[in-house]
1. State yes or no: is LYS216 surrounded by fewer than 19 Cβ atoms within 10 Å (Cβ to Cβ), farther than 28 Å from MET254 by Cα and either at pLDDT 90 or above or not aromatic (Phe, Trp, Tyr) (or both)?
2. Say whether the condition of being over 30 Å from LYS138 (Cβ atoms), within 21 Å of the chain's Cα centre (by Cα) and modelled with pLDDT of 85 or more is met by at least one residue in the range 65-74.
3. With respect to TYR234, determine if the residue is among the hydroxyl-bearing types (Ser, Thr, Tyr), out of contact with any Leu (no Cβ under 9 Å at 6 or more places or on another chain) and either buried (at least 19 other Cβ atoms within 10 Å of the Cβ) or in contact (Cβ under 8 Å) with a residue 60 or more places away in the chain (or both).
4. Could you check, for the range 213-222, whether at least one of its residues is touching a residue at least 40 places away in the same chain (Cβ under 8 Å) and β-branched (Val, Ile, Thr)?
5. Could you please find all residues in the range 212-244 being part of a helix (DSSP H, G or I) and under 23 Å from LYS86 (Cβ atoms)?
6. Under the condition of being among the β-branched types (Val, Ile, Thr) and under 25 Å from LYS171 (Cα atoms), which residue from the range 233-291 is farthest from the chain's Cα centre (by Cα)?
7. If I ask for residues that are within 19 Å of ASN61 (Cβ to Cβ) and in a helix (DSSP H, G or I), which ones from the range 25-39 would you list?
Amino acid sequence: MESKKAIYDLIPSQYYPKTVLIKEGTLLDEIEKTIVDSGIKYPLIAKPDIGLRGSGVQKINTVADLRHYAQKANFDYVVQDLIPFKNEVGIFYVRYPDQKFGKITGIVSKEFMILTGTGIATIEELIKENPRYELQLKVLRQEFGEKLQEVLPKGEKLNLVPYGNHARGAKFIDGSHWITPKLEETINEMCLQIPGFYFGRLDVMYNTIEELERGKNFSIVELNGAASEPTHIYDPKHSLFFAWKELSRHITYMYEISVANNKKGTPYLPHKEGMHEYRLHLKQSSKIVNF
């Protein structure tokens with residue numbers, strides 16, 4: 001039940017794309033005016049304000065696409081600029097409340113679902129050649145429709161899902177070898193500007209790792225807090241035992257940070273409130289999971 005817009009509002013604006021919140025039921029004319037006033041340009045991204053593993057995230061190319069999305073959406077959603085950078089990583093960051101310097105505990109690189117045309121095969125035929133892509137075929141048919149029957153010209157590339165979500169077909173690769181003191185310094189400098197952020201994953205789109213190290217040409221896609229996973233565990237080369245070890249390590253960080261924050265006056269979440277949030281989560285998930 002975390003609001004994306006509420007989290008974006010905590011982040012200094014230079015670190016993420018222009019973003020506006022659209023309330024459920026807002027008329028199209030008002031939505032268009034909000035987008036124009038904010039300076040957001042097509043193509044843009046629309047996604048549920050309270051999301052679930054990439055469900056309901058769509059690239060919006062035209063006003064007609066926006067109208068279709070707005071008519072279907074029975075939830076609040078955010079609209080934001082399409083980030084221009086090609087690559088995406090998830091950077092897991094941990095800092096104890098009494099420390100000025102945090103650390104990066106893992107990096108996941110995201111390999112998008114990109115087809116290369118042969119000049120002979122249709123888009124759907126190319127999808128079926130890759131078992132991982134084929135798992136997304138039902139959703140892709142809903143999104144692309146008859147376009148899947150078009151032949152992709154030889155050598156032309158098509159990014160089927162331009163957002164790095166595991167549940168939407170992106171392949172996760174452990175990039176923790178990219179952790180350097182310079183990258184940690186850059187990420188720490190940014191995270192210190194986010195109030196109350198001690199534990200979580202920043203999903204970041206970037207141009208090159210070298211530029212990201214220097215704090216150049218990157219943008220935060222999302223920031224995830226206590227519900228974050230150290231998603232480098234999903235690299236196919238890793239074992240289940242590696243995943244258990246990493247999850248245990250990060251749960252320990254979260255526990256220790258929670259205790260430290262509690263000693264500073266932050267109350268623990270009461271069980272009754274937690275269960276209420278969980279029921280709201282189930283209700284919200286049912287709205288967007290088949291969007």
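The values are calculated or read from the model by the stated rules, or taken from the named source; none is laboratory data. All figures in this text were calculated on a predicted structure; none of them were measured in a lab. Cβ placement follows ideal geometry from the backbone for every residue including glycine, while neighbour counts extend to all protein chains displayed.
1. In short, yes.
2. Step one: of the range 65-74, the residues over 30 Å from LYS138 (Cβ atoms) are none.
Checking the range 65-74: not a single residue is over 30 Å from LYS138 (Cβ atoms), within 21 Å of the chain's Cα centre (by Cα) and modelled with pLDDT of 85 or more.
3. Working: among the hydroxyl-bearing types (Ser, Thr, Tyr): yes; out of contact with any Leu (no Cβ under 9 Å at 6 or more places or on another chain): yes; either buried (at least 19 other Cβ atoms within 10 Å of the Cβ) or in contact (Cβ under 8 Å) with a residue 60 or more places away in the chain (or both): yes.
So TYR234 fits the description; yes.
4. Quick first cut of the range 213-222, residues touching a residue at least 40 places away in the same chain (Cβ under 8 Å) only: 217-222.
If we keep only those that are β-branched (Val, Ile, Thr) too, we end up with 220-221.
There is at least one residue in the range 213-222 that is touching a residue at least 40 places away in the same chain (Cβ under 8 Å) and β-branched (Val, Ile, Thr).
5. As a first pass, look at the range 212-244 and keep what is part of a helix (DSSP H, G or I): 212-213, 231-234, 240-244.
Within the range 212-244, LEU212, GLU213, THR231, HIS232, TYR234 meet the criteria.
6. Step one: list which residues in the range 233-291 are among the β-branched types (Val, Ile, Thr), which gives 233, 251-252, 257, 259, 266, 288-289.
Retained after the next criterion (residues that are under 25 Å from LYS171 (Cα atoms)): 233, 251, 288-289.
Numbers: ILE233: 16, ILE251: 21, ILE288: 15, VAL289: 15 Å.
So, considering only residues that are among the β-branched types (Val, Ile, Thr) and under 25 Å from LYS171 (Cα atoms), the one farthest from the chain's Cα centre (by Cα) is ILE251.
7. Within the range 25-39, LEU28, ILE31, GLU32, THR34, ILE35, VAL36, SER38 meet the criteria.
Each row is one residue, and each column tells you yes or no for (1) in a loop (DSSP other than H, G, I, E, B); (2) in contact with a Lys or Arg (Cβ under 6 Å, 6 or more places away or on another chain).
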site: VAL20; (1), (2): no, no
site: LYS41; (1), (2): yes, no
site: LYS47; (1), (2): no, no
site: ALA64; (1), (2): no, no
site: PHE75; (1), (2): yes, yes
site: VAL79; (1), (2): no, no
site: PRO84; (1), (2): yes, no
site: GLY90; (1), (2): no, yes
site: TYR96; (1), (2): yes, no
